[in-house]
Amino acid sequence: MERVVERFGSVGFGSVLLVCLVSGASAVLHTANPHSVCKSCDPQPANCKSNQCIANCSVSKVCPSPDDVCAAVWWREAGVVTVETKCHDRTRPLNGVMLDDYSSSDCVLSVRNMNTPNLRLCACTGRGCNERMLLNKPDDQIAILPTSETKGAFRLAQLCRFCDIESTACNATGVCESLCNISSICENPNEVCVSAWRRNKGNPIIETVCHNPTLPFHGQYLTDYNNSVCLMKQVKGMEEDFYICSCNEEECNDPLFFPDVSAPPEGVERNLPPVLLVSLVPALIAVVVLLSAFYCYRLFRQQNLKAPKTKGIDSETCAIIMSDDDRSDSSSANANSLNHNTELLPIQLDVIVGKGRFAEVYRAKLKQGATDESFQMVAVKIFPYEEYASWKTEWEIFSDADLRHENVLQFLTAEDRKAERRYWLITAYHERGNLQEFLTQHVIGWDELCRLGGSLARGVAHLHADRTSCGRAKVAIVHRDLKSVNVLVKSDLSCCLCDFGLSLRLHNSMSPEELANSGQVGTARYMAPEVLESRLDLENIESFKQADVYSMALVLWEITSRCSAIGDVREYEPPFGKLKDHLCVESMKDDVIRDRLRPEIPASWTNHTGVHLLSSTIEECWDHDPEARVTAQCVVERFGEISSAVISPLSADTKSAQDSGNDEKEI
Ligand code: ADE
């Protein structure tokens, strides 16, 4: 209405009269059925402190419908709280949930669905009432996941200063302020507040973060996190000065107390000696207990490794797998780790083994000792400085410890090689190279087909799963660029997935913007029809998985096409024609959508029962209708059924595998 007045204001008496009439009518309407005025901003970081978050939204909007109330959608990821503010029709669901608590003038956030604990909603009535959101209902402060230690109880997630790395004037003496003015509620209730002070090429920097103390932080286990204040301790053995402190109270990682503190500020001064006593003694005891436990664990593990492995996972094995995941051993650094310039790994690049869209992959030697003879072969993916975003995306995907799986490329660490203006990702090296190279050079037997195909499906099923094999919740990931070049062949002829540069974590609190930006990506040759057409249902996370399953089907077809069990094995060809042919989205649309073309499955493939069954599964996976496709987990199960049907001596179906003599090993 204000804009209407502005527009008509200078056009004379008639207009003034019109304005008066319109305003009058509006006033009548207003008293009859007022339209709310709400904050209305796209998702953006919020400022959260204690029990409230402020949306930082400067746009107020007169809501279009009298049924509208003010609402906020709040979520957090990696310690950052994001908020979207809007008008919302109270008679309709918001994010699938009907809100009945909209009449208060306070916007009280609460978790509406325990499956999406990082997503909270609130609604309220009153001008701009959705700018300030409260987390102050006792059961709403709780975060988030019931942990095994707390046996179903909920723990409060900590509120910490979280600015990552910033330069500072603090010279590591006395008491320093971090000057970080962002407070974030930690993502995980186990996380504590941590600060680190160090010099980077002589310049002091401070890092403020949330961190899970069961994982190393800059290679150090935190031992003092049961403190209420952040008492800096020097870390020995670093090239430059390095201090770390941790604590477990709201925003306690600021201010920072260095060891030579002579006059701590009022309040802290009187408490410091008791704090030191109360916190350091238990911390020391904890260190001794932890070291002993770790020593026992290593002993137990060494003995265990010597014992033959049993199949299947019981709850005890799960516990061991989980602790393996959490703790890195010499061959697998912490998934989250980033090696800063001061602590680069001693790596010597060898030869280039792959070239992708954004980066090149080198085989490299990671030195293990003082001599040149002792080294571990690794792969180094090198991104030029301009491809920082691609490096970061892939690093973030790898940083999820739950990604670890035998059929997913093992990540070692990431390095920001500032001096060379390069970013590195360091992973395991697999000398057999990628699946396309492997299939070009080898004809495989039926057993190898099952091994390569089954492990590929297991890798994809693991990515897509929202539970680990032990039943713990995990974020589902979609690869979005599955193709034989992005699958590596391990020495035991199983596959592992690599190149996560286009992958997406499907967390429940994905913003509409993130979803909208995730339309058509991948390689045209392997794109599902709905991706080619940009008609992926972005609202439904399953549709991303269905598109991956389509691409996986093409890779399974490639593997099968090089298996002696099909009869006449032709030279390797990728799906939809020769490799050198450049296939663009438009030509793929003609083939895949208009003509519903798929790679050929010749009649001879039905002579072998296993290949016949597998072909039917492949066809189900590349169905035009995404909903009709089977899941990757279902393909895993099919491989189990198919391989046992073929090898079982009782099965009449074994004829073709054995009788035709087609299953000889040719690799
Ligand atoms: N090509 C791309 N990544 C590779 C890796 N990790 N090992 C071998 N070859 C690769």
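The values are calculated or read from the model by the stated rules, or taken from the named source; none is laboratory data. From a predicted model like this one, the values you see are computed outputs, not experimental measurements. Cβ sites come from the backbone with ideal geometry, for glycine too, and all protein chains shown count toward neighbours. Quick note on the areas: whole protein, heavy atoms, side chains included, nothing else; ligands and nucleic acids left out. Shrake-Rupley method; radii C 1.70, N 1.55, O 1.52, S 1.80 Å.
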Counting only residues in the range 350-360 that are under 16 Å from R421 (Cα atoms) and open to solvent by 40 Å² or more (accessible area, probe 1.4 Å), the one nearest to the ligand (Cβ to nearest atom) is identified as E360
If you take the residues in the range 409-428 that are away from the ligand (no atom under 16 Å from the Cβ) and within 20 Å of K355 (Cβ to Cβ), which one is surrounded by the fewest Cβ atoms within 10 Å (Cβ to Cβ)?
R421
Answer residue from the range 469-480, given it is outside any strand (DSSP E or B) and open to solvent by 10 Å² or more (accessible area, probe 1.4 Å) and is farthest from the ligand (Cβ to nearest atom) among those:
G471
Between residues in the range 547-572 that are assigned by TED's automatic domain parsing to the domain that holds L597 and residues that are at pLDDT 95 or above and in a strand (DSSP E or B), which pairs lie under 8 Å by C-beta distance while being six or more apart or on different chains?
A547/V478; D548/V478; V555/V487; I559/I444; R562/I444; C563/I444; S564/I444; V569/C563
With F398, F438 as the choices, which residue is within 16 Å of the ligand (Cβ to nearest atom), open to solvent by less than 20 Å² (accessible area, probe 1.4 Å) and within 14 Å of the chain's Cα centre (by Cα)?
F398
Scope the range 362-381; condition hydrophobic (A, V, I, L, M, F, W, C), within 16 Å of the ligand (Cβ to nearest atom) and surrounded by fewer than 21 Cβ atoms within 10 Å (Cβ to Cβ); matching residues:
L366, F375, M377
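Per-residue answers, yes or no, for (1) among the hydrophobic types (A, V, I, L, M, F, W, C); (2) modelled with pLDDT of 50 or more; (3) over 38 Å from the mean Cα position of the chain (by Cα); (4) not in a helix (DSSP H, G or I):
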{"site": "E6", "(1), (2), (3), (4)": "no, no, yes, no"}
{"site": "C20", "(1), (2), (3), (4)": "yes, no, yes, no"}
{"site": "G24", "(1), (2), (3), (4)": "no, no, yes, no"}
{"site": "V28", "(1), (2), (3), (4)": "yes, no, yes, no"}
{"site": "T31", "(1), (2), (3), (4)": "no, no, yes, no"}
{"site": "H35", "(1), (2), (3), (4)": "no, yes, yes, yes"}
{"site": "C53", "(1), (2), (3), (4)": "yes, yes, no, yes"}
{"site": "C87", "(1), (2), (3), (4)": "yes, yes, no, yes"}
Any residue that is more than 15 Å from the ligand (Cβ to nearest atom), free of Cβ contacts under 8 Å to residues at least 40 places away in the same chain, open to solvent by 50 Å² or more (accessible area, probe 1.4 Å) and within 20 Å of K355 (Cβ to Cβ) - is there at least one of those in the range 446-468?
no
Examine the range 88-107 for a residue that is within 21 Å of C186 (Cβ to Cβ) and not β-branched (V, I, T), and state whether such a residue exists.
no
β-branched (V, I, T), within 20 Å of A461 (Cα to Cα) and surrounded by fewer than 19 Cβ atoms within 10 Å (Cβ to Cβ): is that true of V635 in this structure?
no
What pairs come out if I take residues in the range 386-398 that are at negative phi and not assigned by TED's automatic domain parsing to the domain that holds G501 and pair them with residues that are surrounded by 20 or more Cβ atoms within 10 Å (Cβ to Cβ) and assigned to a helix (DSSP H, G or I) whose C-beta lies under 9 Å away, six or more apart or interchain?
I397/L403
Take E573 and decide whether it is open to solvent by less than 10 Å² (accessible area, probe 1.4 Å), over 30 Å from N95 (Cα atoms) and acidic (D, E).
no
For W557, which of the numbered conditions (1) assigned to a loop (DSSP other than H, G, I, E, B); (2) over 23 Å from the mean Cα position of the chain (by Cα); (3) aromatic (F, W, Y) fails to hold?
(1)
If you check L493 against the conditions, is it open to solvent by 10 Å² or more (accessible area, probe 1.4 Å), outside the structural domain of V361 (by TED's automatic domain parsing) and within 16 Å of the ligand (Cβ to nearest atom)?
yes
Strands (runs of 3 or more DSSP E) completely within the range 155-252 that count 1 or more residues being of a type in the set (D, E, K, R) and either open to solvent by less than 30 Å² (accessible area, probe 1.4 Å) or free of Cβ contacts under 8 Å to residues at least 40 places away in the same chain (or both)
192-200, 203-211
Does E431 count as within 15 Å of the ligand (Cβ to nearest atom) and surrounded by fewer than 17 Cβ atoms within 10 Å (Cβ to Cβ)?
yes
Could you please find all residues in the range 363-413 being among the hydroxyl-bearing types (S, T, Y) and in contact with a Lys or Arg (Cβ under 6 Å, 6 or more places away or on another chain)?
Y385
Of E406, E386, the only residue that is within 15 Å of the ligand (Cβ to nearest atom) and either open to solvent by 60 Å² or more (accessible area, probe 1.4 Å) or aromatic (F, W, Y) (or both) is E406
